[in-house]
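The values are calculated or read from the model by the stated rules, or taken from the named source; none is laboratory data. This one's a predicted model, so the numbers in the text were calculated from it and none came from an experiment. Because the Cβ atoms are built from the backbone with ideal geometry, glycine has one as well, and the counts that use them run over all protein chains shown. Only protein heavy atoms, including side chains, enter the accessible area calculation; ligands, DNA and RNA are left aside. Shrake-Rupley method; radii C 1.70, N 1.55, O 1.52, S 1.80 Å.
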Amino acid sequence: MTLGITIVSHVPDIAAGLPKLLTQVAADVPLTYAGGTDDGDIGTSMAKISQAFDDNAADEILAFYDLGSAKMNLEMAQEMSDKTIHLYDTALIEGAYTAASLLEAGVPLADVEEQLKPLKIK
Amino acid sequence: MALTVDNLTEWINAFAQKVTDKKDYLSELDTPIGDGDHGNNMARGVKAVQESLDAKAPADLTAAFKQIAMALISKVGGASGPLYGTAFLEMAKKSKDSTEIADLFAAADAGIKKRGGAQAGDKTMVDVWEPLAAKLASGSLTQAEIDEAVNSTEEMIAKKGRASYLGERSSGHLDPGAMSSGYLFTALIETEGIL
Ligand SMILES: Nc1ncnc2c1ncn2[C@@H]1O[C@H](COP(=O)(O)OP(=O)(O)OP(=O)(O)O)[C@@H](O)[C@H]1O
Ligand SMILES: [Mg+2]
């Protein structure tokens, strides 16, 4: 069973940009992202999030998001996905960076979650 | 009086018309306390709903509610997409064992609260859905009651959604999602034969 990360942002550039920071420390962690609406505008899309879950090579995914509707669309995609999806209400960058570094080091999920707890902001 | 695919379609078309007519106003309401896109989001959503219903006439109420929900979920793009989408999905589920308007709206209201985590008083569409679903359960709904629910959001301090980042400064503005929800209820009471 592998663990991967999915990033969801309202802004396509943010969603595409954060993985650049993460791959520096987590080259082997499966990483996918969903940014913006279907039309590439600012917002979130359940279809794009579902696609990012499907495209992720891992069968268990830690998901990080920026604001409001991203979480709602994430939860709907989570309900429809066959994979196990964990959602974290952390600061997006710090949360995803923490998870990426620890997963790369082979740290078990429970310990990763422990490290994420103080980063919860929403 | 009963809900049918025909009068549901009429109701939704009336809602779509109001949203389209008030698109700029809804986005204006979203500007001081949000990102100014609510009218555009909703107009895009209701257009997709109408296209879906035109392309494929639903076989029954459950199918109709589901089509409406899926169009909103896939096209709105903002928080109102999953929220309205969940409301109609919950109505689709409920419609399998009841077509009573009161039952359908109770299910929708519960769905919105679950999806967004907001409660009454948080300055969101819940401040319209919760009291008006209760009015429907008691058997009647008037435009004055709809206006009262929408207007009640003006003085509230937002606890959910984009407006919540403004804290106390969110007070003094109507909530855009409450206003668009008001249109849905107005369209409902204006459609002959449902209530
Ligand atoms: N958590 C929530 N629970 C209930 N209603 C909410 C919630 N968050 C937002 N809303 C409603 O959604 C409306 C805003 O819808 P809109 O289409 O503008 O989405 P948005 O806030 O711009 O979404 P996003 O932040 O994803 O861009 C608000 O006026 C409010 O009524
Ligand atoms: Mg908005």
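In the stretch B:58-80, burial by the other protein chains removes 40 Å² or more of 1.4 Å probe accessible surface, compared with the chain on its own, from B:I73, B:G77.
Among A:P108, A:P12, A:P30, whose mean-square fluctuation peaks in a Gaussian network model of chain A (Cα, cutoff 10 Å)? Maximum among the listed residues: A:P108. Per-residue shielding of A:32-45, expressed as the average number of other chain Cβ atoms within 10 Å of the residue Cβ, stands at 3.
Compute the label zone of A:D111 within the stretch A:25-47: residues whose backbone N is under 20 Å from the point 7 Å along Cα-to-Cβ. Hits in the stretch A:25-47 for A:D111 at 20 Å: A:25-30. List the pairs from A:K83/B:K94; B:K56/B:K96; A:K122/B:K47; A:K120/B:K159 whose alpha-carbon separation is above 23 Å, in the order I gave them. Distance filter (> 23 Å) returns A:K83/B:K94; A:K122/B:K47. Considering chain A, its Cα convex hull presents a mean projected area of 6.4 nm². Available extension along the chain between B:K159 and B:K93 is 20.9 nm, counting 0.36 nm per residue and deducting the alpha carbon span. The stretch A:83-122 and the stretch B:22-76 have Cα centres lying 35 Å from one another. All C-alpha pair distances within the protein assembly as shown, sorted into 20 Å bins from zero, spread as 33, 53, 14, 0 percent across the bins. For the stretch B:5-190, the direction-averaged projected area of the alpha-carbon convex hull comes to 9.1 nm².
Summed over the residues of chain B and divided among them, the accessible surface reaches 43 Å² per residue at a probe radius of 1.4 Å.
Hey, got the average number of other protein chain Cβ atoms within 10 angstrom for residues in A:86-93?
For peptide A:86-93, the averaged partner shielding equals 0.
Summing Lys and Arg as +1 and Asp and Glu as -1 over all other residues whose Cβ lies under 13 Å from the Cβ of A:D59 gives a net charge of -3. For B:A57 and A:K20, a Förster radius of 51 Å and the Cβ-Cβ distance give a FRET efficiency of 0.60, rounded to the nearest 0.05. Considering only B:D127, B:D147, B:D175, the mean-square fluctuation computed in a Gaussian network model of chain B, springs between alpha carbons under 10 angstrom, is largest for B:D147. Both chains summed, the buried accessible area for B and A stands near 1200 Å², from protein heavy atoms and a 1.4 Å probe.
Per-atom-type breakdown for the stretch B:5-190 gives carbon and sulfur 49% of the accessible area (1.4 Å probe, protein chains only).
The calculated 222 nm mean residue ellipticity attributable to helices in chain B amounts to -21500 deg cm²/dmol, summing -39500 (n - 2.57) over DSSP H runs of n ≥ 4 and dividing by all residues. All other residues whose Cβ lies under 12 angstrom from that of A:A105 are scored, Lys and Arg at +1 and Asp and Glu at -1, for a net of -3. Each residue, A:K122 and A:S81, gets one label point 7 Å from its Cα in the Cβ direction; the gap between the two is 1.7 nm. Between A:E79, A:E104, A:E60, the residue with the greatest mean-square fluctuation in the GNM of chain A (Cα pairs under 10 Å linked by springs) is A:E79.
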